[in-house]
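All remarks here apply to the structure that follows.
The values are calculated or read from the model by the stated rules, or taken from the named source; none is laboratory data. It should be emphasised that the depicted structure is a prediction, and the values quoted were computed from it without experimental measurement. Here the Cβ positions follow ideal geometry from the backbone for every residue, glycine too, while neighbour counts run over all protein chains shown. Accessible surface areas use protein heavy atoms only, side chains included; no ligands, DNA or RNA. Shrake-Rupley method; radii C 1.70, N 1.55, O 1.52, S 1.80 Å.
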Amino acid sequence: MAEQINDLLNGNVAWVNNTLKHSPDFFEVLSNGQKPQFLWIGCADSRVPATEITNALPGSIFVQRNIANMVIHTDSNLLSVVNYAVKVLKVKHIIVCGHYGCGGVQAAMSNDKFGFLDNWLMHIKDVYRTHEDELDSITDEPTRFDRFVELNIQEQVGNLAKVSWIQDEWDKGEFPHIHGWVYSLKDGLIKDLGISLNSNDGLEKVYRYKK
Ligand code: CO
């Protein structure tokens, strides 16, 4: 487990050699440009790497990760990634992939202080408040934690749908489709939460921009 820093560099050389053995033109092709079909918004958790868990290759998924896979409308880093993915790369699908056992969600559920992180976690607490009745009614804590993870993903999918220039894309065509997925650390499987969006129809009226 505990890699030393040089293990990473040696691992890189081993990966290059192995890749070239199976696909001699791998780097030549990828160095000419990228055309990913997917944007992945995931948790920064080291156990949930986008390409590995989907058995996808470099070049197939544009990625943005942060603590608890949040879409916050003042986060110019995330929104720049989304803008480039949607406007320039023209990705067909945006996946918000959270995971059960998310430390960020668990921290937000607690009343403990985490210093600087509290400001980030506040956005997750806001999700709790939005779904307080449902969440407080779940007495079993692990079950409530799992449900909070799912509701947080659902809210982040909704947050993407609230972005005016994503709604512009839907006025022009069907893409991007926005999906909510949850990954299980226990068995490695991804569950589709079935909340795919490609219109602003499901949003509260105040978030639906005019065409
Ligand atoms: Co997490």
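Taking amide H as placed 1.01 Å from N in the peptide plane, His177 has its amide H under 5 Å from the amide H of His93, Ile94, each at least 5 places away in sequence or on another chain. Computed from backbone phi with θ = phi - 60° and the Karplus coefficients 6.51, -1.76 and 1.60, the 3J(HN,Hα) list for the range 153-163 is 4, 4, 5, 6, 4, x, 5, 5, 5, 7, 6 Hz; x is used for glycine and proline.
Across the range 195-200, coupling constants 3J(HN,Hα) worked out from phi with the 6.51/-1.76/1.60 Karplus curve, θ = phi - 60°, read 10, 5, 10, 9, 7, 8 Hz, and Gly and Pro carry x.
Projected label points at Ser46 and Tyr209, each 7 Å from Cα along the beta carbon direction, are separated by 4.0 nanometres. Reported to the nearest whole Å, the Cα centre-to-centre distance from the range 1-71 to the range 124-154 is 32. In this structure, the amide hydrogen of Arg65, modeled 1.01 Å from its nitrogen in the peptide plane, lies closer than 5 angstrom to those of Gly42, counting only residues at least 5 positions away or on a different chain. Working note: Karplus 6.51/-1.76/1.60 with θ = phi - 60° gives the range 16-30 the couplings 4, 4, 5, 5, 5, 5, 8, 8, x, 9, 3, 6, 4, 5, 5 Hz, where Gly and Pro are set to x. Within the range 55-134, the trypsin sites (Lys or Arg not before Pro) that combine a DSSP coil assignment with at most 15 other C-beta atoms in a 10 angstrom radius are Lys90, Lys92, Lys113. Adding -39500 (n - 2.57) for every DSSP H run of four residues or longer, then dividing by how many residues the chain holds, sets the calculated 222 nm ellipticity at -12500 deg cm²/dmol. A 1.4 Å probe run over the protein chains yields, for the chain, 59 Å² of accessible area per residue, whole-number rounding.
For the range 35-200, with all protein chains present and a 1.4 Å probe, just round the carbon and sulfur fraction of the accessible area to a whole percent. Exposed carbon and sulfur together represent 52 percent of the surface. Accessible-area rank, largest first, for Phe114, Phe26: Phe114, Phe26, with all protein chains present and a 1.4 angstrom probe.
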